[in-house]
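The values are calculated or read from the model by the stated rules, or taken from the named source; none is laboratory data. Quantities reported herein were computed from a predicted structural model and do not represent experimental measurements. Backbone-built Cβ (ideal geometry, glycine too); neighbour counts: all protein chains shown.
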Amino acid sequence: MPYQAPDTVKEILKNLPKTPGVYLHKDEKGEIIYVGKAINLRSRVRSYFAKNVDSAKTERLRQRITDIDIITTDSELEALLLENTLIKKHKPQYNVRLKDDKRYPYIKITWKENFPKVMVTRQMVRDGSRYFGPFTSVWAVHQTLDLLRKIFPYLTCDREITGNDERACLYFDIKLCSGPCIGRASKEEYRQMISNLMDFLGGKSDDIVKSIEKKMFKASEEMDFEQAATYRDQLKAIERVVEKQKVFAAANTDQDIIAFAREDGDACVQIFFVRHGKLIGREYFLLDNTEGEPDEGILETFLTQFYDEAAHIPKEVLLPSEVSEALVIEEWLRTKREQKVTIQVPQRGKKKELVEMATRNAVDTLATLKQQWASDRSRHVTAMNELQEALDLAKPPTRIECYDISHTQGALPVGSMVVFAQGAPLKKDYRRFNIQTVGNDDYGAMKEVLTRRFQRYKDKSAGQEESSTSALRAVGKKVDSSFSVLPDLLIVDGGKGQLTMAMEVLKSFDLMHIVPVVGLAKREEEVFVPGSIRPVMLPRKSQGLFLVQRVRDEAHRFANTGHRNRRNKAGTASILDSIPGVGPTRRKKLLSRFGSLEDIRKATAEEIASIPGIPFHVAEAIKMGLD
């Protein structure tokens with residue numbers, strides 16, 4: 001049967017403007033499922049409802065559209081920026097997006113401070129700091145910094161630097177800090193070292209090598225062999241970094257080389273970062289929802305999403321193929337860089353060879369990743385089959401839930417629920433529970449957590465919201481999808497006692513014969529099952545045991561993190577609540593504005609008083625109370 005647009009959509013299509021802008025497709029629940037931009041909104045939006053559409057993905061999309069919002073803009077550039085903002089905000093199901101929701105790590109240098117620090121961050125803030133990256137691996141960032149610190153021994157402590165401290169810390173003794181705290185490096189000397197570090201991260205290493213060599217020869221001539229040896233070690237460390245940096249182009253070249261590969265709905269983008277003519281790094285990024293998308297659309301989406309948060313905008317971007325929005329994207333990049341930026345598709349010569357090399361790398365990376373994914377899936381299937389056999393389950397446990405309790409001598413207990421689906425963590429379904437009914441009672445805490453979890457399932461099954469008068473409210477207050485599915489295997493962290501408690505809860509909800517449950521003891525990795533005196537011992541090197549251990553360890557980590565956060569929050573709250581004039585409302589405003597007790601302590605009374613609802617005399621009281 002031919003597709004027919006809903007009547008509400010037909011009315012919208014009649015009144016579309018012919019101006020640039022952004023359109024938001026919504027489903028019957030009012031959720032935004034796609035965001036797009038157009039030079040001519042009328043033409044572009046109506047194309048979704050033509051007799052024939054260009055892909056199966058578009059066909060699936062339009063079947064779900066029940067409403068359309070339109071936002072007109074004054075230019076194509078405004079439409080481009082607004083589209084990118086809305087995609088990041090709403091994460092629509094059908095839009096192409098960078099695969100990881102998390103932000104990528106950067107190296108941050110707090111240049112605005114007198115004695116700048118070097119750190120790793122996932123969020124760039126306009127606070128005068130300098131950023132380098134992104135990196136797709138945190139491990140790679142820390143490995144880079146570990147090496148650079150031997151060349152540029154920067155500060156890592158939080159002490160106030162006056163130059164008058166009596167003793168330096170251990171890092172000075174092992175030559176991983178230049179010792180400004182004791183006056184061994186002046187402010188000017190320290191900042192020059194950090195400036196050299198930033199140049200090095202930006203690909204300018206030749207001048208730094210010459211400078212260190214000069215210092216080494218001078219120290220040697222002055223018979224200061226210990227200092228000369230230090231400079232020699234720095235040069236060796238530099239060589240280890242520089243040997244990976246190939247010379248690609250002229251010394252003033254500043255370019256990103258972008259290419260991608262795609263297969264079966266997966267897409268991998270590879271970027272080479274060339275600075276001062278040297279390849280200083282390369283990274284790959286994966287994209288979601290690329291099925292049915294043209295190559296041009298994938299490239300445009302990547303360019304806008306990547307450079308929206310990039311630490312550096314190069315003079316030149318090389319691409320494997322044309323994009324229709326190239327001039328608009330160039331204009332946008334020019335405003336970000338505050339200098340001319342060109343987008344090129346090289347047809348011959350060295351630049352074309354570089355793009356082809358990036359393409360080969362993208363193809364190889366995607367092939368390697370797909371092999372890893374296939375291998376992981378194979379191991380997961382093996383693990384689930386082993387658990388089915390060992391625990392006598394009716395089917396392989398495709399959804400496993402594990403629960404753990406964390407507290408400090410009974411104080412502020414927190415329960416965790418972690419979920420693994422098809423052998424992999426399903427983090428969107430993780431949940432924490434602040435224990436409300438017991439203190440230093442692990443069995444009672446486990447009973448509360450499981451009761452709350454399966455009460456949520458019961459409410460969801462009955463199509464009801466949880467009663468607001470319930471004594472066992474879960475943290476989220478709304479019934480969400482994480483509780484609407486029963487596990488194929490429920491694991492409680494503990495032995496027979498915890499298993500018995502879990503069985504009591506399941507029986508109370510008539511789920512004992514529906515949800516398989518086991519207890520996992522830590523000491524010997526014994527798996528206790530209902531109705532059996534002897535525990536099940538999974539083979540020591542089996543995939544089944546590895547999976548159970550991963551699930552248990554993740555539940556333990558998640559519970560500990562929740563307890564630590566609750567403990568820290570309680571400590572902060574008690575300190576602030578002890579200050580005259582500060583109650584829960586003002587405390588919440590303070591933490592919302594400054595983020596932590598330490599940042600509140602650093603703020604001035606004027607900054608605190610700028611928060612609506614906090615008068616100046618209370619701000620002064622806060623400063624006095626925290627000093």
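Of the residues that make up region 98-107, is at least one among the charged types (D, E, K, R), at pLDDT below 80, within 29 Å of F285 (Cα to Cα) and touching a strand residue (DSSP E or B) at 6+ places or on another chain (Cβ under 8 Å)?
yes
Could you look through region 567-601, keep only residues that are within 13 Å of G625 (Cα to Cα) and of a type in the set (S, T, N, Q), and pick out the one that is modelled with the highest pLDDT?
Across region 567-601, the extreme among qualifying residues is S578.
Within region 580-603, can you find the residues that are at positive phi and either surrounded by 11 or more Cβ atoms within 10 Å (Cβ to Cβ) or outside the structural domain of I614 (by TED's automatic domain parsing) (or both)?
G581
Restricting to region 108-136, name every residue that is touching a residue at least 24 places away in the same chain (Cβ under 8 Å), in contact with a strand residue (DSSP E or B) (Cβ under 9 Å, 6 or more places away or on another chain) and either under 25 Å from D173 (Cβ atoms) or in a loop (DSSP other than H, G, I, E, B) (or both).
I109, W111, P116, K117, V118, V120, M124, G133, P134, F135, T136
With G581, G613 as the choices, which residue is touching a Lys or Arg at 6+ places or on another chain (Cβ under 8 Å) and farther than 27 Å from R159 by Cα?
After applying the criteria, what remains is G613.
For K427, state whether it is at pLDDT 80 or above, in the same structural domain as H556 (by TED's automatic domain parsing) and surrounded by 15 or more Cβ atoms within 10 Å (Cβ to Cβ).
No; evaluated as a whole, the condition is false for this residue.
So, E386, is that one in the same structural domain as F273 (by TED's automatic domain parsing), of a type in the set (D, E, K, R), surrounded by 15 or more Cβ atoms within 10 Å (Cβ to Cβ) and over 28 Å from the mean Cα position of the chain (by Cα) or not?
no
Tell me yes or no: at least one residue of region 53-67 is out of contact with any Cys (no Cβ under 6 Å at 6 or more places or on another chain), at pLDDT 90 or above and in a strand (DSSP E or B).
Yes, the conditions are met somewhere in region 53-67.
E296 is checked against (1) crowded, with 17+ Cβ neighbours inside 10 Å; (2) in contact with a Ser or Thr (Cβ under 7 Å, 6 or more places away or on another chain); (3) not in a loop (DSSP other than H, G, I, E, B); (4) not polar (S, T, N, Q) and fails just one. What number does that condition carry?
Only one criterion is unmet by E296, namely (1).
For region 313-334, indicate whether the set of residues that are touching a Gly at 6+ places or on another chain (Cβ under 8 Å) and outside any strand (DSSP E or B) is non-empty. Working first, answer last.
First, the residues of region 313-334 that are touching a Gly at 6+ places or on another chain (Cβ under 8 Å): none.
Looking through region 313-334, none of the residues is touching a Gly at 6+ places or on another chain (Cβ under 8 Å) and outside any strand (DSSP E or B).
Could you list all residues from region 484-539 that are charged (D, E, K, R) and either more than 33 Å from the chain's Cα centre (by Cα) or in a loop (DSSP other than H, G, I, E, B) (or both)?
Our first condition is that a residue be charged (D, E, K, R); within region 484-539, this holds for 488, 493, 496, 504, 507, 510, 522-526, 534.
D488, K496, E504, K507, D510, K522, R523, E524, E525, E526, R534, listed by residue number.
Can you confirm whether L82 is hydrophobic (A, V, I, L, M, F, W, C), closer than 30 Å to G21 by Cβ and touching a residue at least 24 places away in the same chain (Cβ under 8 Å)?
In short, yes.
Within the set of pairs 6+ apart or on separate chains, which have a first residue in region 518-531 that is buried (at least 16 other Cβ atoms within 10 Å of the Cβ), a second that is modelled with pLDDT of 85 or more and part of a loop (DSSP other than H, G, I, E, B), and C-beta atoms under 6 Å apart?
Pairs that qualify, where the first residue is buried (at least 16 other Cβ atoms within 10 Å of the Cβ) and the partner is modelled with pLDDT of 85 or more and part of a loop (DSSP other than H, G, I, E, B), are V518/V529; E526/P535; V527/P535; F528/P535.
So, in region 581-604, how many residues would count as being in contact (Cβ under 8 Å) with a residue 24 or more places away in the chain and outside any helix (DSSP H, G or I)?
Step one: filter region 581-604 for residues in contact (Cβ under 8 Å) with a residue 24 or more places away in the chain, giving 581-582, 585-586, 589-590, 596-597, 600-601.
Remaining after also requiring outside any helix (DSSP H, G or I): 581-582, 596.
Qualifying residue count, region 581-604: 3.
Keeping to region 425-456, report how many residues are among the hydroxyl-bearing types (S, T, Y) and in contact (Cβ under 8 Å) with a residue 60 or more places away in the chain.
Final tally of qualifying residues: 1.
For region 146-204, give me the residue count where each residue is modelled with pLDDT under 90, part of a helix (DSSP H, G or I), of a type in the set (D, E, K, R) and within 22 Å of F132 (Cα to Cα).
4
Could you please find all residues in region 146-167 being surrounded by fewer than 18 Cβ atoms within 10 Å (Cβ to Cβ) and free of Cβ contacts under 8 Å to residues at least 40 places away in the same chain?
Across region 146-167, the qualifying residues are D146, T156, C157, D158, R159, E160, T162, G163, N164, D165, E166, R167.
Scan region 247-282 residue by residue and report those that are more than 29 Å from E78 (Cα to Cα), in contact with a strand residue (DSSP E or B) (Cβ under 9 Å, 6 or more places away or on another chain) and in a strand (DSSP E or B).
Passing the criteria: V247, A261, R262, D266, V274, R275, K278, L279, I280, G281, R282.
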